[in-house]
1. Quick check: pseudo-label points 7 Å beyond the Cα along Cα→Cβ at S543 and K505, how many nm apart are they?
2. Starting from the amide H of H448, placed 1.01 Å from N in the peptide plane, find each other amide H under 5 Å away whose residue is 5 or more places distant or on another chain.
3. Helix 32-48 sits at what angle to the longest principal axis of the chain, using alpha carbons and giving 0 to 90 degrees rounded to 10?
4. If you fit an axis through the alpha-carbon atoms of helix 181-193 and take the longest principal axis of the Cα set of the chain, what angle between them do you get, 0 to 90°, nearest 10?
5. Excluding the sites themselves, what is the longest stretch of the chain that contains no GluC sites (Glu not before Pro) in a DSSP loop with at most 13 other C-beta atoms within 10 Å?
6. Which values of log₁₀ I(q)/I(0), to two decimal places, follow from the Debye formula for the chain at q = 0.09, 0.10 Å⁻¹ with a uniform point scatterer at every Cα?
7. Nearest 0.05, what FRET efficiency do N201 and A610 give at R0 = 25 Å with Cβ-Cβ as r?
8. Calculate one ³J(HN,Hα) per residue across the range 479-489 by plugging θ = phi - 60° into the Karplus curve 6.51 cos²θ - 1.76 cosθ + 1.60, and present them in order as whole Hz with x for glycine and proline.
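Just so you know, all these numbers are worked out from the coordinates, no wet-lab data involved. As the structure is a computational prediction, the values presented were derived from the model and not from experiment. Here the Cβ is made from the backbone with ideal geometry for all residues, glycine too, and neighbour counts use every protein chain on show.
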Amino acid sequence: MSQETERIGQLRDELNRHNHAYYVNNAPTVSDREYDLLMKELEALEAAHPEMDDPLSPTRRVGSDLTKGFTQVTHRRPMLSLGNTYSVGEVDEWLTRCNDMLGNSGGIASVPIVGELKFDGTSISLTYRNGRLVRAVTRGDGEKGDDVTENVKTIRSIPLVLATGDWPEEFEIRGEIVLPWKAFDRLNEERAFNEEPLFANPRNAAAGTLKTLNPAVVAGRGLDAYFYYILANSMPADNHYDNMLRARSWGFKVSEAMMLLDSEEDVNSFIDRWDKERRTLPVATDGLVFKVNSLHSQLNLGYTSKSPRWAIAYKFPAERALTKLRFVSFEVGRTGVVTPVANLEPVLLSGTIVKRASLHNEDIVRSLDIHDNDMLYVEKGGEIIPKITGVDTDAREAGSGPVKFVTHCPDCGTELVRVAGEAAWMCPNKYGCRPQIIGRLEHFVGRHMMDIDGVGEENCVQLFDAGLVRTIADFYNLRPGQLERLSGMGPRTAQRIVDGVEASKNVPFERVLFALSIPYVGETVSRRVARQVKSLDRLREMSREQLVAIDDVGPRIADSIIEYFSSEHNCEIIDRLRQAGVRMEIEEAPQTGTSDILAGKTIVISGVFALHSREEYKAMIELNGGKNAGSISKKTSFVLAGENMGPSKLEKARSLGVPLVNEDEFLSMLG
Ligand code: IVH
């Protein structure tokens, strides 16, 4: 073996060890930079030695190939579900049953139990042969699942090659693939940003991600995996607990929460403990799992048609509460829409006290048929935002009528108008209604808009009430001296705000457009309009026909833009912003060079991109001699495929044999 090929082996082992330390133990052993250097060295050596190719090399975690759909695989042994219980009493009954069936007369304490967390993700079965991952299959219908090996390989906490150990020559290990809360929130933020539908919970997000056809997308999502079950012809130990400890020593992530429980008291206090502590975990759990520890006893207890008798799930109590409606308040937002809000008798739900919940609009209040003083069911959607899901009509007070809707603005008293074709009521007093003005100020300074450092929601109210900021243009006249006179504001905060305002003059035009609060002109529309129209002056002069010709702009948005510019008040604000130095036109994106690299190629762009906008890609195609087409046909040379490409397009590309090229590949094509 040459020195170089030997080095490849060393680097692979070393990187596998660092991966394990970082992703399984949460205790990194090298700096990111050192890790990157080792990875680069390995990539270079592998490129020079194709004969050393190994699909399980740490360099292959990025998942750059598109899978061509999934093959169905029959599980060697079916993947069963678990019997559910919902109370401590039911768990105790299960314990007694196990003892009785095993013929233990010595009382409940005699069957050792393992307590585990029930991870709320999507189950997976991995097969290893000679210490190497050979296949990853989803649960599917329990009998057959999908082969998702390429996607699973991108999950960094899953070992691809096991370090030397006492693992069986061939074994199956089952566990749960989860999307940690942090990654889930990040993913949904990104989807909200792109105006894509949000995932309801981390379970759906994990399952959806695992079935994505592009492993590169999977790699970027931050999935993790916990393991809880091994199957092998010859098991390392005669009990579940020790087997799982072995699995941990081979490199698998086995939860630290797993615990041996010797008595009914132990089981009950395990439940008590995790009922509270589960909220501090980085991943979603929906209960606990109890398993008889001895494999011999497991064999004796056996299975029902659906689930093992030797294990049971305890589900955490439903996160729902019943509480009294005190009154409905009506709140006016930035755009003048009036939202009904249920003000409740405080109630504890998933560890927080809930006092208020949005009722969204009149139609929802009517469809729930909420009456004054009703007892309402509150649930936590996605564990965060409380939601009213129903009424306990049996508890309704005699004579209480349906909740009345206000007819006038609760803040400025103006008569409300109903927006045509919508469930919303609006206060039309745009420039004189306090919450609308403050809402626009808050929107203007927000992170996705002008991102003015030092100004948050509270300061906006303070600045407005002090008469310093009445319109968004007033931010640009603020002086430190004025700010320092406000209560609780020191010279440092004052200077920070003034600096923040100054820095906002560099915010690109597309965000300025969004920051103006033109009704219906959200983040995506602003970006689209800014890139196509290029300046606010041009936008101001456009006719309705010209406006609706812009991608993503329909009649409603066009009318709203025209109405916005027809107001003298708004035109004045814009002039002042311009004088202050706020960007009113697009800075041309740096152009990639022109060439004829794509001459004769017809390219379809599909999906969502991370590095450039679609318009930029369109421009690049044209600048490099290619032709951009809207739909896939036999003539398509390739599809420039982003994330979340639609399934029908994907199918069409596959059936016509049109290759898919991702962003990175495309950019490197252009050099
Ligand atoms: S044991 C034969 N342990 O819950 C035993 N399952 O409702 C099979 N799950 O399909 C499962 N955490 O996806 C087991 N610690 C844990 C678990 C767990 C989550 C999931 C698993 C299973 C489902 C059954």
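1. With each label point 7 Å from Cα toward Cβ, the separation is 3.8 nm.
2. Excluding prolines and chain starts, which carry no amide H, there are no hits.
3. 70
4. 30
5. For GluC sites (Glu not before Pro) (loop position, at most 13 other Cβ atoms within 10 Å), the longest site-free span of the chain is 423-586.
6. These q points yield log10 I(q)/I(0) values of -1.05, -1.21.
7. E between N201 and A610, to the nearest 0.05, is 0.55.
8. 10, x, x, 5, 5, 5, 6, 6, 5, x, 10
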